[in-house]
Amino acid sequence: NAGVMQNPRHLVRRRGQEARLRCSPMKGHSHVYWYRQLPEEGLKFMVYLQKENIIDESGMPKERFSAEFPKEGPSILRIQQVVRGDSAAYFCASSPQTGRNTEAFFGQGTRLTVV
Amino acid sequence: GDSVTQMEGPVTLSEEAFLTINCTYTATGYPSLFWYVQYPGEGLQLLLKATKADDKGSNKGFEATYRKETTSFHLEKGSVQVSDSAVYFCALSDRGRALTFGSGTRLQVQP
């Protein structure tokens, strides 16, 4: 059973370009979470999705950022018109369900560098 | 809102030394508590967890006890190894919601 797969591992974009980050959850997992980690900081929650639904986007910036988790295919985190401050590591986690005893499994992250 | 506070690093220890990384939390509900470890260039791996008061999570020689009265979940290991060098994150999940993380504590173990 493959783990959470994120790609690309590293992504370089010029200011103003779009960045698309992909996350394939573990098999059988229908809950996906995106987190952002700035250098030397902890992870900040961005968005929680289930298949075809955004459950909680309270951590998403109001502009330029969007996320989806379609019925088929990976979850996508999309950043439009990137700026230098978007440079960070973006981690995806998945879980089979929610609840007190549910573990979230993390991918290896996508490291976005905006030049 | 929910929050997690960890001791600042880096923590530098010699091999076989005793490790404590402090973690306290604030939550409106009754959260589950976690410690995650991040090795250089990697994602986070769950190290241990506890879901109710007085539970002790343990794994690979690491332990942490859920202390509701002091709202703490301190990480301990009796004898650290060089291979334990990593960043350790304390986290909570309240009512099954997304994880709230502390800022992380970098551990450096010297031979």
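The values are calculated or read from the model by the stated rules, or taken from the named source; none is laboratory data. Given the structure is predicted, the values throughout are model-derived calculations rather than measurements. We place every Cβ from the backbone using ideal geometry, glycine too, and count neighbours over all the protein chains shown.
A few remarks follow.
- Any hit, segment B:77-95, residues being assigned to a loop (DSSP other than H, G, I, E, B), touching a Lys or Arg at 6+ places or on another chain (Cβ under 9 Å) and away from chain A (no Cβ under 12 Å): yes
- Residue that is modelled with the highest pLDDT [pool: residues in segment A:98-115 that are within 13 Å of chain B (Cβ to nearest Cβ), surrounded by fewer than 21 Cβ atoms within 10 Å (Cβ to Cβ) and touching a Ser or Thr at 6+ places or on another chain (Cβ under 8 Å)]: A:105
- If you go through segment B:24-50 and keep only what is under 21 Å from residue B:81 (Cβ atoms) and not small (Gly, Ala, Ser), you end up with B:35, B:36, B:37, B:38, B:39, B:40, B:42, B:44, B:45, B:46, B:47, B:48.
- Among all positions in segment A:46-56, there is no residue which is at pLDDT 95 or above and part of a loop (DSSP other than H, G, I, E, B).
- When A:66, A:94 are checked against the criterion of being in a strand (DSSP E or B), of a type in the set (Gly, Ala, Ser) and without any contact (Cβ under 8 Å) to a residue 24 or more places away in the chain, A:66 stands alone in meeting it.
- When segment A:45-65 is filtered for residues that are closer than 19 Å to residue A:112 by Cβ, surrounded by fewer than 14 Cβ atoms within 10 Å (Cβ to Cβ) and either within 11 Å of chain B (Cβ to nearest Cβ) or acidic (Asp, Glu) (or both), only A:63 remains.
- Selection within segment B:65-100: residues that are farther than 22 Å from residue A:106 by Cα and among the aliphatic types (A, V, I, L, M). The member of this set that is surrounded by the fewest Cβ atoms within 10 Å (Cβ to Cβ) is B:82.
- Screening residue A:22 against (1) at pLDDT 95 or above; (2) part of a loop (DSSP other than H, G, I, E, B) leaves a single unmet condition, (2).
- Within segment B:19-64, if we keep just the residues that are of a type in the set (S, T, N, Q) and crowded, with 17+ Cβ neighbours inside 10 Å, the residue that is modelled with the highest pLDDT turns out to be B:24.
- In segment A:69-88, the residues that are touching a Ser or Thr at 6+ places or on another chain (Cβ under 7 Å) and either part of a strand (DSSP E or B) or at pLDDT below 90 (or both): A:78
- For the condition at pLDDT below 95, of a type in the set (Ser, Thr, Tyr) and buried (at least 17 other Cβ atoms within 10 Å of the Cβ), residue B:103 qualifies.
- The numbered conditions (1) under 20 Å from residue B:55 (Cα atoms); (2) assigned to a strand (DSSP E or B) are all true for residue B:30 except (2).
- Segment B:62-110, residues that are among the β-branched types (Val, Ile, Thr) and closer than 19 Å to residue A:91 by Cβ: B:87, B:100, B:105
- Those residues of segment B:35-70 which are within 11 Å of chain A (Cβ to nearest Cβ), in a strand (DSSP E or B) and small (Gly, Ala, Ser), in sequence order: B:50
- Residue count for segment B:1-18, restricted to those that are in a loop (DSSP other than H, G, I, E, B) and buried (at least 23 other Cβ atoms within 10 Å of the Cβ): 0
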